[in-house]
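One structure below.
The values are calculated or read from the model by the stated rules, or taken from the named source; none is laboratory data. All values reported here derive from a predicted model rather than from experimental measurement. Neighbour counts run over all protein chains shown; Cβ positions are idealised from the backbone, glycine included.
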Amino acid sequence: MSKDKSKAEKVLIIEDEEDTRKMFRLGLGGYNYDVDIAPDGKTAKELLQSKKYTVVVADLRLPDVKGMELIDFIKTVSPLSRVVIMTAHASLEIAKDCVEKGASAFLVKPFGLEQLHYTIETAIAERRLIAEEETSYEDLLSENIFADMVGKSLEMKKIFHTILTVAKTSSPVVILGETGTGKELVARAIHSYSKRSKKTMVAVNCASLSENLLESELFGHVKGAFTGAIKDKPGLLEVAIGSTLFLDEITEVSSSTQAKLLRFLENGEFRQVGGTASRKSNARILTSSNRNLEDEVKRGGLREDLFHRLNVISICLPPLRERREDIPLLSHHFLRIHAAKLKKPIKTISPSALSLLMAQQWPGNVRELQNTVERAVTFCTGDTILPYHFYPSMRVHPEGEDKNLFLDLNKTVQAVEKAQIIKALRISGGNKTKAAKILGIDRITLWRKMKAAGLQD
């Protein structure tokens, strides 16, 4: 079963090196693009005059035409096409000239198929924005910001809906997610949409305080309870009466403090450190953790009874790498914030810079992305963020990929061919004749390639 190319985005690759053309043709075919290739400027011009392409990826140095002239030709015959320039001879001046001519992105060889894919996807998104007459991210941001959180992905839309639902209750909520995913933002959103929003939410990072200090902070203490307790002090449970108390990193709380917190959750009562009288509070408890709470219960780091009492409602935040479609919006959101803070006239992020951001794994999640954009804003002297404004250590190889794979064209072609053969065999149910037809080759060629790839005895 072949793919329906009538609905696929049309991409033209202009590259004079045969092995590189072959690599791109094979690799991009796996992303369901309708790909044409041209070995020179003459062939490219003929194709551009006969077909409309969403994205044109062109080598800057071709045997019969200069890259700058080719950009002019593309913009004349197909003004809506997004142009991506690739070259092995990069410089700031060349990149600037290409952008001024109308190129959307600039790729420096060698680069991986993943980077090319992200660059093309970003260019396609840019084309759609223009087609819909949404020439900036401002409108998109206004539609997709919720309580200081940005997201248009299905995962984030579900979380926004959940926040609005649980805000109407007084039940405890556990917010789970890796470091930097925005757990405190979720807690503040729940509070701001609740009936308690007239009072300030109280937050404490449980990991930042010692056991004794945290207990005193939460429950308060009476004069003389310990050395230095020179007067009575109300705890955060008392301060948060009528409001919300957010306990960040709940698994860092000691077992004895967990027992006292459980008692409060069960009957709304607590005792100050060193005190004998019970006090009451109606503070709503929200907690968070970057760990798996069930594993913490098994390990003994969290009391099982407290876990069940806290886990009435849970919200799990996805890591940034699992909602990459939100990266352009988040990046422009942070650009707007930090450009205003530093009073810089920076308006946008180039598609090639966005593709670089989208290709990262982001172990620090949204917080790491924000720091990266802030640094770029600091070093940018023009009106557009470019790739070299990011950290020098930023690379494009996704986690788990062989970083040397894309430096060897033969190995790249072999790897892509093997993946495509396996896919065709899966579609054809193992029928080699049908698989060969899907791949557009004869059965003998398929047999030879399968043997070379170790797929044939």
Within region 247-274, restricting to residues that are aliphatic (A, V, I, L, M) and surrounded by fewer than 21 Cβ atoms within 10 Å (Cβ to Cβ), the one that is modelled with the lowest pLDDT is Val273
Of all residues in region 166-207, which are hydroxyl-bearing (Ser, Thr, Tyr) and either part of a loop (DSSP other than H, G, I, E, B) or within 15 Å of Asn311 (Cβ to Cβ) (or both)?
-> Thr169, Ser170, Ser171, Thr179, Thr181, Tyr193, Ser194, Ser197, Thr200
So which residues in region 189-246 are surrounded by fewer than 14 Cβ atoms within 10 Å (Cβ to Cβ), among the charged types (D, E, K, R) and closer than 29 Å to Lys168 by Cα, if there are any at all?
-> Lys195, Lys198
Does region 317-341 hold any residues that are buried (at least 17 other Cβ atoms within 10 Å of the Cβ) and over 15 Å from the mean Cα position of the chain (by Cα), and which are they?
-> Leu335, Arg336, His338, Ala339
Going through region 17-34 one residue at a time, which ones are touching a residue at least 60 places away in the same chain (Cβ under 8 Å), crowded, with 17+ Cβ neighbours inside 10 Å and assigned to a helix (DSSP H, G or I)?
-> Thr20, Lys22, Met23, Phe24, Leu26, Gly27, Leu28, Gly29
Are any of the residues in region 301-308 more than 25 Å from the chain's Cα centre (by Cα), in a helix (DSSP H, G or I) and either buried (at least 17 other Cβ atoms within 10 Å of the Cβ) or touching a residue at least 60 places away in the same chain (Cβ under 8 Å) (or both)?
-> yes
Restricting attention to region 136-165, and to residues there that are among the hydroxyl-bearing types (Ser, Thr, Tyr) and part of a loop (DSSP other than H, G, I, E, B), which single residue is farthest from Gln361 (Cα to Cα)?
-> Ser136
When you scan region 35-61, how many residues do you find that are part of a strand (DSSP E or B) and modelled with pLDDT of 90 or more?
-> 8
Count - residues of region 94-114 that are at positive phi and within 25 Å of the chain's Cα centre (by Cα) | 0
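Residues in region 403-420: is at least one touching a Leu at 6+ places or on another chain (Cβ under 8 Å), at pLDDT 60 or above and either outside any helix (DSSP H, G or I) or farther than 20 Å from Arg21 by Cα (or both)?
Looking for residues that are touching a Leu at 6+ places or on another chain (Cβ under 8 Å), at pLDDT 60 or above and either outside any helix (DSSP H, G or I) or farther than 20 Å from Arg21 by Cα (or both), one finds none in region 403-420, hence no.
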